Amino acid sequence: MTPRDLPRARSRPSRRTPGALLLLALLPAGILLLPGPARADEWGLGAVRDPFATPTEQDRFPGLALDGYLRLRSDVLTNLDLDRGPTPSTGETFYPLPASDPGGKDTLTSGNLRLRLEPRLDLGWELSVHARLDLLDGLVLGSTPDLATRWAALNAAATRQQAPADSLVVKQAWGQALTPFGLLLAGRLGVGWGLGVVANDGSCLDCDGGDTVDGLLFAVPVLQHSLGLAYGLSATGASFDPWGGGGQAVDADPDDDVRSLSLSLLRTATPAVREVLRAGGRNVLDYGLVVAYRWQDVDYPGATGEAGLAPTAATRVARGFSGVLVDGFLAFAGPTHLLELELVLLSASFDDASLLAGMRTDPVTARQYGGVVRETIRPRAGLELGLELGLASGDPAPGFGARPRTTQDRARAGDLDGPQLALPEDRRIDNLRFSPDYHVDLILWRELVGTVTDALYLRPRVQLGPWRGFTLELVGIYSQAMEATSAPAAEAPLGFETDLALRYASPDGLVCGLQYGLLFPLAGLDNRELGLDARPAQRLHGLLGWVF
Amino acid sequence: MPPKTFPGSPAVGAWLTGALATLLLLGGCVDGTPAAAWPGEGVPPLPTCRGDNDGVIAAGELDFTPGRRAPYALVASPGPPVAGLPEAGGLRLWDFRDATFDSVHEVPLLDPAGLWCADRLAGGTVALPFGPDEAPPDEREAVPSLLVLAATGMAVDILGVASVQPELLLLAYDRAVPFLRFPLVRGARWQAEVAPAPGSRLGSLDLAELALVDAYRVELAGQGRLTLPGMSLDNVLQLDLQLTRRLGDEGATWESRQTYLVHECLGTVALRSEADEVWWVIWYPQ
């Protein structure tokens, strides 16, 4: 559920909200702090900055709308190590245990916070500026006690919390212009596509990450479709400031940039149109296809930030990276059913996968595929039945390769995770990783593995409601590894998890939910080396939010 | 039990320099995990160093912090010549792409602080476990000794050798032996002669009374490229270490030579002793 899916009693803020007026009031103050009289620059913007210039209509009323939410989450995590001992490479259990008594206690509790602001500044019908700002993002409740004032740094005496230095995180900032030829978006953009299996912008209320890219997109309408061409810069490597600070930084070498071009074709109805059509007994078909090409010629390992190595010919690695991603989705909705499908194919290669200056490796390739198909039917009001089948290709190397540590050179039999690459004999990375924000369960994939990868799962669900804002959902997930050798016990069956959720959403934006998950691990998660069978794990996950 | 052949065996030089090889091997600027019980299991770490591949190894490009560990494998096939094959620009090539590999050993860098004779090897910052080459492998591990070194900002010095088990073996040199002098540059060389300090002993034998003299000679003799199956490394330095052991002015003399191929980020990536004529190579999969 995304915040925008929630019912709203209030209309969107008008273009003359107090917030907008406040912004207008602040702008001249900022301008007056300028050191000298503003002059028109080559873009003709000086007049806009001039406090004595007659404001235009557009200057006076830039509409400001604000979306976002305040979210508190809490968890009770019990036996997520599955009582099956450590993995061979790390010597650590699947999941951390309480530090005070790791041999006895097996329950962890925690809560966290996020305030998300998504302002939109409307400069007219055609122009707008957008941003995503997260405040106290992921802050663990109680994690920043101010110990300076009382009783010599005793936690027990803390009476207030310190503000973290990174209290504000700007995740997106982009502009939108509707031109006579099409729609232009540019800046640091959120990236989402289809069901969010691979590209997910993290806009759901319980999401943690979110994909972004620096670049621009231009989309034109063609025969009731949207044809988009996007250019992205995912990494530019080291940069320098020719003036030693205060100037405009310059990318040190264009050849090490990671760039991408994508071409997309999309046909989709707006949510309002979709509801009208479905209410009228009509079917609605949405679909899209994107082909993205990403490449990088050379790389400078370690040349990151001021502390990194200066990019030189000696530190250069002939990366020779190229990759193609094809992602297609389809959604067929009728009055009482919804069929959704997303399929992904990825092919990539590196001429040199070295992470060290002065080292060269043989080529490395990746061939990955996967997807999701799900059917939802509503036999009557207040009842929803669903079935989802998901698949992510696997790699036969041990471990899942969901979030391998950079300090681990290879995975060993019995590991839960680890690199899927092992030079020189294994030069393939074939496990497709779903976006971590594509949630299918509470425990196995989301917490233990980290995301869906090297997996086949079946996920039936039943949902009752909404009734006066309440919904009750029961989900079951059977999971197994695509490659049995990836599972810690080298057996494909991983577990069966059942998740029960009770959610409430008020018309004015209050949401709360309580989810309980119970994982019954199967043979694939046992510890063969120590002869320990994996035991059930539980999770209680609460969420309280104010959505605006 | 003490090492069977110390100090009279000609193999003693190989024994000692074998431990030095391990030091350089582990001197790679790698991010390790705390050492388990030697020679226990662990995570062979990936390098997190910032070598700039300029052909000169600065002090900060090798790290000798206790707790690090690394694997290395025995090369079963003959391997390349000690000095490598000539390449353009006066560089060398050590080609292991077609080599066959045997057993793999993983060795940690240890903290000598708790050693029974730490006061006699004062200033030691890192220690390497090793055993006499001629002993069976299981026996080497059963009675390991430690080579104790002092790694400072600009140098690594050998302080001496001590058995892990108290009172068996202590060879403390009368002064520190310069093993590495940074920066390491092709053509650099240095040498030193040292003798056992008073109190050095092997069991009940007083080593200082033997008029034992160890002469170390180190030379960075070459530079070039090392290739392994699946990867290659540029700007590897060839470091030759010669140890000449003399027993009295007119006594017998033994010599030992070791060759190390040192990468500025990974430390020693290959080594070869003249005595057993085999290569050891780091960074090969187990």
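None of A:Ala523, A:Ala501, A:Ala537 is under 19 Å from A:Thr78 (Cβ atoms) and free of Cβ contacts under 8 Å to residues at least 40 places away in the same chain except A:Ala501. Could you list, in sequence order, all residues of segment A:446-487 that are over 22 Å from A:Val344 (Cβ atoms) and within 22 Å of the chain's Cα centre (by Cα)? Correct list: A:Glu447, A:Leu448. When you scan segment B:246-260, do you find a residue that is among the charged types (D, E, K, R) and either in a loop (DSSP other than H, G, I, E, B) or crowded, with 24+ Cβ neighbours inside 10 Å (or both), even just one? Yes, that holds for at least one residue.
When only residues in segment B:261-286 that are away from chain A (no Cβ under 14 Å) and β-branched (Val, Ile, Thr) count, which is surrounded by the fewest Cβ atoms within 10 Å (Cβ to Cβ)? Checking each candidate, the answer is B:Val278. When B:Gly222 is tested against the conditions (1) away from every other protein chain (no Cβ under 14 Å); (2) in a strand (DSSP E or B); (3) free of Cβ contacts under 8 Å to residues at least 60 places away in the same chain, the lone failure is (3).
Residues in segment B:110-128 that are at pLDDT below 85, in contact with a strand residue (DSSP E or B) (Cβ under 6 Å, 6 or more places away or on another chain) and either part of a strand (DSSP E or B) or surrounded by fewer than 17 Cβ atoms within 10 Å (Cβ to Cβ) (or both): B:Leu110, B:Leu128.
Might you check whether a residue that is buried (at least 18 other Cβ atoms within 10 Å of the Cβ), closer than 24 Å to A:Tyr231 by Cβ and in contact (Cβ under 8 Å) with a residue 60 or more places away in the chain occurs anywhere in segment A:301-315? Yes, some residue in segment A:301-315 is buried (at least 18 other Cβ atoms within 10 Å of the Cβ), closer than 24 Å to A:Tyr231 by Cβ and in contact (Cβ under 8 Å) with a residue 60 or more places away in the chain. When the strands (runs of 3 or more DSSP E) confined to segment A:338-450 are screened for residues that are touching a strand residue (DSSP E or B) at 6+ places or on another chain (Cβ under 8 Å) and among the charged types (D, E, K, R), those reaching at least 3 such residues are found at A:364-380.
Just one residue in the set B:Thr268, B:Thr259 is within 14 Å of the chain's Cα centre (by Cα) and at pLDDT below 85; that residue is B:Thr268. What residue, of B:Leu121, B:Leu91, is over 29 Å from A:Gln408 (Cβ atoms), touching a helix residue (DSSP H, G or I) at 6+ places or on another chain (Cβ under 8 Å) and of a type outside the set (Lys, Arg)? Answer to the selection: B:Leu121.
Note on segment B:152-171: residues that are crowded, with 23+ Cβ neighbours inside 10 Å and either aliphatic (A, V, I, L, M) or not in a strand (DSSP E or B) (or both) total 8. Within segment A:266-287, not a single residue is in contact (Cβ under 8 Å) with a residue 60 or more places away in the chain, crowded, with 18+ Cβ neighbours inside 10 Å and away from chain B (no Cβ under 14 Å). Reported count of residues in segment B:92-106, each being touching a strand residue (DSSP E or B) at 6+ places or on another chain (Cβ under 6 Å) and among the β-branched types (Val, Ile, Thr), is 1.
One line per residue, one yes/no per condition, for (1) buried (at least 17 other Cβ atoms within 10 Å of the Cβ); (2) within 14 Å of another protein chain (Cβ to nearest Cβ):
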| residue | (1), (2) |
| --- | --- |
| B:Glu209 | no, no |
| B:Val218 | yes, no |
| B:Met231 | yes, yes |
| B:Gln238 | yes, no |
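Taking segment A:503-528 as the search range and keeping residues that are of a type in the set (A, V, I, L, M), part of a strand (DSSP E or B) and over 24 Å from the mean Cα position of the chain (by Cα), which one is farthest from A:Gly394 (Cα to Cα)? Here the answer is A:Leu518.
Being under 21 Å from B:Leu128 (Cα atoms), buried (at least 17 other Cβ atoms within 10 Å of the Cβ) and either in contact (Cβ under 8 Å) with a residue 24 or more places away in the chain or not acidic (Asp, Glu) (or both) is a description that applies to B:Ala176. Residue count for segment B:201-219 satisfying the condition of being part of a strand (DSSP E or B) and either under 18 Å from the mean Cα position of the chain (by Cα) or in contact (Cβ under 8 Å) with a residue 40 or more places away in the chain (or both): 8. Annotation: B:Pro198 fulfils all but one of (1) assigned to a loop (DSSP other than H, G, I, E, B); (2) within 14 Å of another protein chain (Cβ to nearest Cβ); the unmet one is (2).
All of (1) on the phi < 0 side of the Ramachandran plot; (2) more than 27 Å from the chain's Cα centre (by Cα) hold for A:Gly320 with one exception: (1). Can you report the number of residues in segment A:451-473 which are assigned to a strand (DSSP E or B) and surrounded by fewer than 21 Cβ atoms within 10 Å (Cβ to Cβ)? Summing the residues that are assigned to a strand (DSSP E or B) and surrounded by fewer than 21 Cβ atoms within 10 Å (Cβ to Cβ) in segment A:451-473 gives 15. Of all the numbered requirements in (1) modelled with pLDDT under 90; (2) of a type in the set (A, V, I, L, M); (3) farther than 27 Å from A:Gly209 by Cα, A:Leu64 misses one, and that requirement is (3).
Restricting attention to segment A:86-123, the residues that are in a loop (DSSP other than H, G, I, E, B) and more than 14 Å from chain B (Cβ to nearest Cβ) total 15. For segment B:191-200, taking the residues that are buried (at least 16 other Cβ atoms within 10 Å of the Cβ), over 19 Å from the mean Cα position of the chain (by Cα) and not hydroxyl-bearing (Ser, Thr, Tyr), the one that is farthest from B:Leu247 (Cα to Cα) is identified as B:Ala197. Take A:Val364 and decide whether it is at pLDDT 95 or above, of a type in the set (Val, Ile, Thr) and under 28 Å from A:Ala402 (Cβ atoms). No; evaluated as a whole, the condition is false for this residue.
Residue-by-condition table, conditions (1) surrounded by 18 or more Cβ atoms within 10 Å (Cβ to Cβ); (2) of a type in the set (D, E, K, R); (3) more than 14 Å from every other protein chain (Cβ to nearest Cβ); (4) at positive phi:
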| position | (1), (2), (3), (4) |
| --- | --- |
| A:Pro363 | no, no, no, no |
| A:Arg378 | no, yes, yes, no |
| A:Ala381 | no, no, yes, no |
| A:Leu385 | no, no, yes, no |
| A:Gly394 | yes, no, yes, no |
| A:Arg405 | no, yes, no, no |
| A:Asp415 | yes, yes, no, no |
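The values are calculated or read from the model by the stated rules, or taken from the named source; none is laboratory data. Note that the structure is predicted; figures quoted are calculated from it, not measured. Glycine gets a Cβ as well: all are built from the backbone with ideal geometry, and neighbour counts include every protein chain shown.
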